[in-house]
1. Go through Val167, Val68, Ala87 and say which Cα lies farthest out towards the positive end of the charge dipole of the stretch 47-189; charges sit on Cβ, +1 for Lys and Arg, -1 for Asp and Glu.
2. Once the other residues with Cβ under 15 Å from the Cβ of Pro162 are scored (Lys, Arg +1; Asp, Glu -1), what is the net sum?
3. Taking the mean number of other Cβ atoms within 10 Å as a proxy for protection, how do you rank 226-234, 268-276, 119-127 from highest to lowest?
4. Can you tell me the FRET efficiency between Gln173 and Glu83 if r is taken as the Cβ-Cβ distance and R0 is 22 Å, rounded to the nearest 0.05?
5. At Gln226 and Arg111, where each label point lies 7 Å from the Cα along Cα→Cβ, what is the point-to-point distance in nanometres?
6. With no solvent and one equal point scatterer placed on each C-alpha of the stretch 47-189, evaluate the Debye formula and give log10 I(q)/I(0) for q = 0.10, 0.17 Å⁻¹, two decimals.
7. Given a Förster distance of 41 Å, report the FRET efficiency between Glu94 and Val46 from their Cβ-Cβ distance, rounded to the nearest 0.05.
8. Quick check: pseudo-label points 7 Å beyond the Cα along Cα→Cβ at Asn65 and Leu126, how many nm apart are they?
Amino acid sequence: MQLFKKLAFGSVNLALIALVAWYAYQAFDDYLNNPWTRDGQVRGHVIQIAPRVSGMVTRIAVIDNQFVQRGDLLFEIDREPFEIAIAQAEANLERARISSKAARIEYDRLRDIFKKDPGAVSQKDLNRREANYLESLSQIDVVTETLRGAKLNLGYTQIHAPVDGYVSNVDFQIGTQAVANSPILALVDSNSFWVFGYFRESQIGKFSIGDAARVTLMAYPDSPLQGRVESLGWGIAPSDGNTGFNLLPSIKPVFQWIRLAQRIPVRIKLEHIPEGVELRFGLTASVMVMAKEP
């Protein structure tokens, strides 16, 4: 009986050892046959939010690192100067319409006289009155567009999120003077995350666009992400040849028996984000391209 127990216990141990050895072999086979790199990083589109008009910030509707949806208000600029501009444009438009009406009346009067008695009014005067009337019509168009621009500018005093994402770098306060077309905060697009894996140039020929990829984030080592190779970089900046002392090219010394492979960026499109994993711009990642499909 004791011998049977020892044999059974030994069989279980052998099975466990064989199972561990099989998993170890599979892991070794993956790393041996599939290109991989620990030099990876989560990236995403970062939108620099800039107002389209200048003015004093009167309201901030978000806090740093807050999630916002497309269309949510981010901050607001003082509306009063733009409301005044609209009132002035409306007054100018009304004045232009009155002037145009007067020019039309004068032109019609001279034209009627000219038709009844061509000698009573000169052709030159008639042409001048017609030109004044046409000019008044164009002035109405100009002021109308000015009014439209003033209304647009009033709408630009409220800055809304263009995409779903996370607000970053909210380091301004109410009373800050916002400048048109100058970025004031950043918005990380939450639907744009991808991963860049920087592979050695000697590995690039071992896989192709469309190959499956496994991404392991340092922040979530137990929740690997699945993806596909979306594209391979076509160029990197040279490290040598930059201008140095006396405008001469700066060349770094290279030992002939040590040649470091360049790193080529490979873009990985993520297909599924496991529950509980929150992607953040700049997270460190390891990337393995499954050139050898299971």
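1. Toward the positive end, the furthest listed residue is Ala87.
2. Values: positive: Arg52, Arg70; negative: Asp72, Asp164, Asp189.
Result for the neighbourhood of Pro162: -1.
3. Details: 226-234: 15.2, 268-276: 13.0, 119-127: 11.2.
Ranking the peptides 226-234, 268-276, 119-127 by packing returns 226-234, 268-276, 119-127.
4. Details: r = 23 Å, r/R0 = 1.06.
Efficiency, rounded to the nearest 0.05: 0.40.
5. In this crude label model, Gln226 to Arg111 measures out at 7.6 nm.
6. -0.53, -0.89
7. Working: r = 46 Å, r/R0 = 1.13.
That pair, Glu94 with Val46, gives E of 0.35.
8. About 8.0 nm, to one decimal.
No lab work stands behind these numbers, since they all come straight from the coordinates. Keep in mind the model is a prediction, meaning the values are calculated, not measured. Because the Cβ atoms are built from the backbone with ideal geometry, glycine has one as well, and the counts that use them run over all protein chains shown.
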